[in-house]
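Okay, structure first, notes after.
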2 protein chains.
Amino acid sequence: MKATAQAGANIAIVKYWGNLDASLNLPLNSSISLTLDQANTIVTVEFSPNVGEDRVEIEGRPAAGYARERVIGHLNHLRQMGGTDAPARVASRSTFPPATGLAFSASFYAALTVAGLAALGLAVDPRTVSTVARLGSGSAARSVYGGWVEWVAGASHEESYAQVLAPRDWWAIRDVIAIVSDEPKAVPSTVGHAAAVSSPCHQGRLARTTEHLAMARTAIRNRDLALLGQVAEEQALLLHAVAMTGTPRALYWLPGTVAVMQQVLAWREEGWPAYFTLDAGPNVHVLTTVEDAPRVAASLCAIPGMQRTLVCAPGGPPVLGDVHLF
Amino acid sequence: MKATAQAGANIAIVKYWGNLDASLNLPLNSSISLTLDQANTIVTVEFSPNVGEDRVEIEGRPAAGYARERVIGHLNHLRQMGGTDAPARVASRSTFPPATGLAFSASFYAALTVAGLAALGLAVDPRTVSTVARLGSGSAARSVYGGWVEWVAGASHEESYAQVLAPRDWWAIRDVIAIVSDEPKAVPSTVGHAAAVSSPCHQGRLARTTEHLAMARTAIRNRDLALLGQVAEEQALLLHAVAMTGTPRALYWLPGTVAVMQQVLAWREEGWPAYFTLDAGPNVHVLTTVEDAPRVAASLCAIPGMQRTLVCAPGGPPVLGDVHLF
């Protein structure tokens, strides 16, 4: 009744922002992402009467309030599938800070789902794993796979799940994550998703996604970094346009965010193959080639406001491990 | 045949972004602004056969290329009104840098229009002055008045002009301009206006303007800084959402831009009555009270990336002067 899994965060090329049904994390549009190898979360979960009551520790600290309730809500889904009402203990460790727009909830809920299903002895098909992970965090539906993944929006719980577009080895690319802030963002993604429809930019963003999805699939199929980068940048700017003009407003950017974005644009003028993208937070992903990743990472470190970089290759699917966090 | 005029720049509360007819600067939406007293431009113009050919000096440097052609185009409008084909000499001096999103073209073309009409001995009504100034730069239609001004979009040259909502003495307010860059912006406003319709956010922004115009009028009528500030911030974010998602993209923000915006939001949490707004450029206007302006200005100067501040009160209408620039 105890298992540990590690799952990678993912960087969305076509973003998920806004729900058709928030209680089920049914998204308003399909999305495409790359699972990352160096940004990951290990989760150990144990279901046992000895636990007493549900205990949730995220990154070494007891979870409280909404963060705790959200994990317990997901444990309830897993318990229902396993036909048990045993209390659970959960602990996590990540290679990157949570709540900073680096898809912590994607890797956390993907790992929790995979570990939880294993702990309960449930063998289910990948589609079901993705569907269940989605209930914890929408983008976790994508992190249950490695490589390039598309989450098909769907209109019901059963129909909304991710699938692999190309495996991790398909395309050697690098995502140099520029961490400009470790601080939790002011507006959580769950609030941002709910606010999306209030933005005057929301409908325009949605209308652009079909085209962007097709472009992203083509870019992945052809290993076309310029096309992938174009979509990733436009999608990032659209997401933040919606976020900063919604109610409540989410102005996620910090000075360092803009410094990195402007630097990437300046590099492109000089011929560097580098493209920025951001999920809902201040930190910036710089997509580049294997060859250019070292100089991109080194140069990013020199930018004022930079805390550190994390150089990620495409990551694999979640793995179960024998070393538990407790 | 020689005259000098000084006109103030203006800060738009409801922004002008995108044209119905670019050749006439007919805007897609009405806009509202405040003319500023400390951000102004002096223009001397002389029509004389002795000039030889048109000579244009902007901020001490001979104008070239599009900047020169644009001024000559406006001189042609004035010459047509005055029934002359005499060549002209033009010179300007401003208290702030051009092409940085501080409405240089508004104050320049308002001053050029007023000086030009005087040099040609033409006495025309204020509506015509506004209409003609608009041909030089859309927002110059507003800078031919002092105080709070609304530019009614109109659907033809004759119907698109500005009028006064409230005089400069109506409301003692301060606009502390945070200058984070003196460098000319990468994408000129004329290009940005043309790109607006290509943005997925454009229609949403337009749909919001009727409501924002009504809110701005109410705020001015009731001297309600919180309401004015809300509109000014939302309009700024909408303009930049459109600019950064259009083709070509205009990402006007610099690290200092975001530093000031985030600082203003933090001040509000502490109870300071301060609101940001930006036109098309990296520099930030902070709207605040007379009482709070000194501490706002002093604190802004401590922000990394800040070059200097310019504290503006509401400005008056353009004035003719006897001291010429040449």
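The values are calculated or read from the model by the stated rules, or taken from the named source; none is laboratory data. Only a predicted model underlies this, so the values are computations on that prediction, with no experimental measurement involved. A quick note on method: Cβ atoms are made from the backbone with ideal geometry, for glycine too, and the neighbour counts reach across all protein chains shown. Note: accessible area is taken over every heavy atom of the protein model, side chains too, but ligands, DNA and RNA are not part of it. Shrake-Rupley method; radii C 1.70, N 1.55, O 1.52, S 1.80 Å.
Taking every pair of distinct Cα atoms and averaging 1/r, then inverting, what Kirkwood hydrodynamic radius in Å comes out for the range B:123-187? Computed over the range B:123-187, the radius equals 13.5 Å. Within chain A, helices built from complete DSSP H runs that reach 27 Å or longer along their own axis (Cα positions) and carry a mean Kyte-Doolittle hydropathy of 0.0 or higher are A:225-245. The fraction of accessible area contributed by carbon and sulfur in the range B:25-88 is 44 percent, rounded to a whole number (1.4 Å probe; ligands and nucleic acids excluded). Peptide A:245-251 is shielded by partner chain Cβ atoms: per residue, an average of 3 of them sit within 10 Å of its Cβ. Rg of the Cα atoms in the range B:2-168, relative to 2.2 N^0.38 Å, amounts to 0.95. Working note: Debye formula, equal point scatterers on the alpha-carbon atoms of the protein assembly as shown, no solvent; log10 I(q)/I(0) at q = 0.11 Å⁻¹ is -1.02.
For the residues of A:255-263, the average number of beta carbons from a partner chain within 10 Å of their own beta carbon is 5. For the range B:156-242, the Cα gyration tensor yields ellipsoid semi-axes of 25, 19, 15 Å (square root of five times each eigenvalue, largest first, whole Å). Here residue A:319 and residue B:53 are evaluated by their C-beta separation; at R0 = 60 Å the FRET efficiency comes out at 0.20. Our analysis of the range A:94-206 gives Rg over Rh at 0.99, with the two radii drawn from alpha carbon positions and Rh computed by the Kirkwood formula.
Mean projection of the Cα convex hull over all viewing directions, computed for the range A:255-326: 6.9 nm².
When you count the other C-beta atoms within 10 angstrom of each residue and take the mean per peptide, B:160-171, A:257-268, B:104-115, B:276-287 line up highest first as B:104-115, B:276-287, A:257-268, B:160-171. Packing-based ranking of A:227-234, B:135-142 yields B:135-142, A:227-234, ordered from highest to lowest mean Cβ neighbour count within 10 Å.
Inter-copy label distances for residue A:76: 7.2 nm (label point placed 7 Å from Cα along Cα→Cβ; shortest first). Counting only other chain Cβ atoms within 10 Å of each residue's Cβ, the peptide B:236-243 averages 5. Counting only residues at least eight positions apart within a chain, or on another chain, there are no lysines with an alpha carbon under 16 Å from that of residue A:2. Across chain B, Cα pairs under 8 Å and at least six residues apart give a relative contact order of 27 percent.
Dividing the convex hull volume of the alpha carbon atoms of the range B:193-326 by its residue count gives 173 Å³ per residue. The range A:107-174 to the range A:185-216: how many Å between their Cα centroids? Using only Cα atoms to place each centre, the spacing works out to 21 Å.
Note that the protein assembly as shown presents 36 Å² accessible area per residue, ligands and nucleic acids not counted, probe 1.4 Å.
Straight Cα distances below 17 angstrom link residue A:15 to the aspartates and glutamates A:150, A:175, A:211, A:233, A:234, A:279, with same-chain residues fewer than 8 positions distant left out.
Calculated translational diffusion coefficient of chain A (25 °C, 0.890 mPa s; Stokes-Einstein with Kirkwood radius over alpha-carbon pairs) equals 126 µm²/s. When shorter helices are ignored and each DSSP H run of at least 4 residues is given -39500 (n - 2.57), the per-residue value for the protein assembly as shown at 222 nm works out to -12000 deg cm²/dmol.
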